[in-house]
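Below: one structure, written as C-alpha cells.
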Amino acid sequence: MPHIIIVSPSELGWVVQAPGLSEPRSFGSGAVAERFARGLAAAPELSGEGEVWIRGRDGALLGRWRDGGRTPNLSAAA
C-alpha cells in the first residue's frame, strides 16, 4: 500500500503532510517542499511505496510522483 505524501499550497507558502510527521512541515518555496517530499518518499523504510501528490490551490491534483519517477496517469488518483 503506498504511503501518500501531500504537497499543497498554504497562505504562507507550501505545506508537506506525510504519515510519520508529527505535524505538517511548511516551506516558502514549492520546489523546496517537493524536494523534501521526494526525499521522504525515497526513504528506504518505505520500500518503494512512497508517493508524492502535488495539489493546487483548488485542491486539484497537479502531479504525482512515485520513487523512481513520475506516475503518468493522474486520473487514477483523483
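Structure values in brief
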| quantity | calculated |
| --- | --- |
| Looking only at segment 10-27, and only at residues there that are farther than 15 Å from ARG57 by Cα and in a loop (DSSP other than H, G, I, E, B), the one that is nearest to the chain's Cα centre (by Cα) | ALA18 |
| Residue pairs meeting the criteria (Cβ under 6 Å; at least 6 apart or on separate chains; first over 13 Å from ALA18 (Cα atoms), in segment 44-68; second of a type in the set (Asp, Glu) and modelled with pLDDT under 95) | GLY48/ASP67; ARG66/GLU51 |
| Scope segment 38-55; condition at pLDDT 95 or above and either of a type outside the set (A, V, I, L, M, F, W, C) or under 14 Å from MET1 (Cβ atoms) (or both); matching residues | ARG55 |
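The values are calculated or read from the model by the stated rules, or taken from the named source; none is laboratory data. Being a predicted model, the structure only gives us computed values, none of them experimental. Please note: Cβ atoms are built from the backbone with ideal geometry, for glycine as well, and neighbour counts cover all protein chains shown.
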